[in-house]
Every structure is written in C-alpha cells, then in structure tokens.
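What follows is calculated from the coordinates using simple rules that are stated; it is not laboratory data. What you see is a predicted model, and the numbers here were worked out from it, not measured in a lab. As a convention, Cβ positions derive from the backbone with ideal geometry for all residues, glycine included, and neighbour counts pool all protein chains shown.
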Amino acid sequence: METRDPIVDVKNLVVEYGKGATRVRAVNGISFQIFPGECVGFVGANGAGKSTTIKTLMGFIFPTSGSVRIFGAEAGTVESRRRIGYLPEVALYYPFMKGRELLELYGGLHGLSGAELRQRIPELFEELGLKGKEEVLLRNYSKGMQQRLGIAQAIIADPELLIFDELSSGLDPVGRYDLRRVLQKLKERGRTIFFSSHELTEVENLCDRVIIIHKGHIITQAPVQELLKPLNIFEIIFSIADPSKLPEVVKKHTVENTGETYRVTIRDVADYARAVTELVAVGAQILSTTSKSQSLEDFFISLIQEARREEERK
C-alpha cells in the first residue's frame with residue numbers, strides 16, 4: 001500500500017437494525033477516509049451513529065450497504081485486526097484477573113513474547129498512571145483505572161491504527177492529562193488514531209481533523225484549525241457624530257446602536273483591522289476593542305442546533 005493510500009476507507013456506509021416496521025437506520029450513507037499518521041476525532045451527540053460506525057470498522061457489524069475497507073481489505077479480516085488496537089465503549093474484564101495478567105493475555109494474543117511482555121507491561125503501567133497496581137484484582141479497579149488499563153491493552157502491541165470508542169470515559173482530569181501525553185507520543189511516532197469522545201477539549205487538543213455526525217449523517221468534516229479559524233470574534237465599541245459616515249466594512253457586519261455608542265461584531269481578522277483604521281479615518285472614537293475565540297464545543301453545539309432547526313423546517 002502506498003504511503004498516501006487511506007488506512008480507513010468508508011464509502012456510502014448504511015447500517016440498519018431491526019426488521020420491518022421497527023427497522024432503524026443508525027448510519028445513513030456516510031463516507032470518509034483516514035490517512036497514515038492522522039489523528040481524527042469522531043464527534044456527535046448520543047445516538048448519532050458513532051459506536052455503530054466504529055463497530056462496523058472493527059467488523060463486529062456488517063454494513064447494510066456501502067463498503068468499509070481497512071488497510072485495503074474488507075473490515076473485520078484477521079489481517080487487518082492484527083494491525084489495530086481497539087478500545088470499546090464499555091470494556092468488561094474478568095474481575096478475578098490481575099491487571100498484569102490482563103495485559104499478558106492481550107499481549108500474547110498479539111503475538112508478543114514473554115520477554116517483550118516483561119519489558120512492555122511495566123512501561124505501560126507507569127505511562128498510564130497505574131504503577132503499583134499490577135497485582136491488584138480488576139474487581140478492585142475504579143472505572144477510571146479500568147479505562148486506563150483498557151487503553152494499555154489497546155496499545156500494548158504498538159499497532160499501526162488505534163480505534164477508541166469514547167476515549168476518555170471515566171477519566172478524571174489527571175487521567176485525561178496522562179492520556180493526552182501517551183497519545184501525543186503515539187502521534188509523534190506516526191501512529192494513526194481514530195476516536196470518538198464527548199470531551200471536545202481532547203478532540204481540539206489532539207486531533208488534526210474532526211468528523212461531526214448527527215443522526216447518521218456527517219454534517220461536517222475538516223481540519224480542526226480550519227474549523228476554528230472563523231470562530232474568532234472581534235468586537236469594537238465606538239462613538240461617531242455622523243452615523244452616515246459608517247465605513248462599508250463596518251456596515252456589512254452586525255452593528256448595534258446602544259444609545260450613545262455603537263458595537264460592531266466581526267469574525268474576519270482582516271475586516272477587523274480595516275474597520276478600526278477606517279473608523280478612525282472618519283472621526284469615530286474607538287472606546288474599546290475585544291477579541292475572543294469560540295471553542296470546538298461551541299461550534300459543535302451551534303451545528304447541532306442548526307441541524308435540528310433544519311429538521312423542524314422539513
């Protein structure tokens with residue numbers, strides 16, 4: 001496979017559950033690709049189709065129509081799974097097994113030797129903040145500790161592709177920090193990462209690209225920085241003796257008359273700079289300027305709200 005061939009290639013994927021009148025379409029014709037070395041966030045509200053899509057990538061669910069290929073082969077093949085590290089949304093482990101024993105089991109299934117496991121397991125326990133918990137029974141692990149251990153089992157064999165469903169579920173702020181460090185190291189080593197998460201701060205901090213899904217449809221997919229670039233908001237408060245002299249660059253944006261002063265809200269940085277210059281040129285007095293950046297979470301909420309309004313209009 002050539003360097004820029006996609007590792008994950010999803011085309012017109014449709015997944016339906018049930019039969020007859022109870023049939024539900026969970027995923028409705030989505031298409032996307034993930035390329036080597038990318039970190040891609042998969043974002044959507046509960047019931048959007050994230051987990052169904054991920055299970056289809058793993059070969060646990062078969063598409064109703066469309067195709068899913070991993071490493072150039074149909075999803076779910078033994079060959080492709082050997083190259084994937086996977087963390088399910090809900091990971092259930094045998095409660096009377098020790099943490100070390102679980103990693104020995106998963107590492108052994110991936111073909112790691114005893115010597116490799118003896119070196120790798122202590123490293124993972126330390127990296128993921130579980131040092132000293134190697135001999136503790138899993139029934140005594142908290143939810144956050146089980147999530148950390150689940151991440152450890154997913155990366156123990158250093159797979160080329162990592163797929164995580166609800167990556168930071170159950171993790172406290174320290175756990176999310178430890179996880180961010182681990183994933184950053186994996187990114188630096190060229191590993192490909194695809195994960196769903198409700199923690200949009202994680203997506204914003206870690207991902208190169210984000211795919212947003214709503215009710216089985218992809219409503220946007222783009223590099224994170226490209227999405228965030230237009231989310232900067234600039235505000236100018238000014239007074240002007242003759243409002244008819246307002247520059248055109250100001251009038252094309254949202255202008256509020258607050259009585260003795262005016263407030264203009266601008267999203268484009270070039271327009272913001274021009275507005276300040278031209279207001280001064282026509283004799284306006286600039287009283288204050290402020291700027292703020294919206295987060296990916298704000299953007300996500302606005303997209304979902306717009307999608308719901310569209311549904312109501314239909």
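Remark: spin-label model distance Lys11-Arg313 equals 3.3 nm, labels positioned 7 Å along the Cα→Cβ axis. Rounded to 0.05, the FRET efficiency of the Glu260 and Gln305 pair, given R0 = 25 Å and the Cβ-Cβ distance, is 0.15.
Please compare each pair in Lys55/Lys215; Lys11/Lys50; Lys19/Lys215; Lys131/Lys185; Lys11/Lys55; Lys50/Lys133 to a cut-off of 21 Å on the Cα-Cα distance and tell me which ones are over it. Pairs exceeding the cut-off: Lys50/Lys133. With percent of Cα pairs over 36 Å apart defined as stated, name the option among (i) 17; (ii) 34; (iii) 20 computed from the structure displayed. The calculated read-out lines up with (ii). Against the main long axis of the alpha-carbon atoms of the chain, helix 114-127 sits at an angle near 30°. On the basis of the beta-carbon distance and an R0 of 41 Å, Leu287 and His198 show a calculated FRET efficiency of 0.50.
From the square roots a ≥ b ≥ c of the eigenvalues of the alpha-carbon gyration tensor of region 169-278, which class results: rounded (a/c under 1.5), prolate (a/b over b/c), or oblate? List each step's numbers first, then the result.
Numbers: a/c = 2.99, a/b = 2.77, b/c = 1.08.
Note, shape of region 169-278 comes out prolate.
For the chain, the longest principal axis of the alpha carbon atoms and the long axis of helix 296-313 meet at an angle near 80°. So what's the gap between the Cα centers of region 203-238 and region 245-266, to the nearest angstrom? Their Cα centres are 26 Å away from one another.
Exposure proxy ranking for Ile237, Ile30, based on other Cβ atoms within 10 angstrom of each Cβ and starting from the fewest, stands as Ile237, Ile30. Taking a ≥ b ≥ c as the square roots of the Cα gyration tensor eigenvalues, region 1-109 comes out oblate, since a/c reaches at least 1.5 and a/b does not exceed b/c.
A simple spin-label model places the labels of Ser67 and Asp271 4.3 nm from each other, with each point 7 Å out along Cα-to-Cβ.
Name the shape class, rounded, prolate or oblate, that the alpha-carbon gyration tensor gives for region 228-293, where a ≥ b ≥ c are the square roots of its eigenvalues, rounded holds for a/c under 1.5, and otherwise prolate holds if a/b is larger than b/c and oblate otherwise. Here region 228-293 falls in the prolate category.
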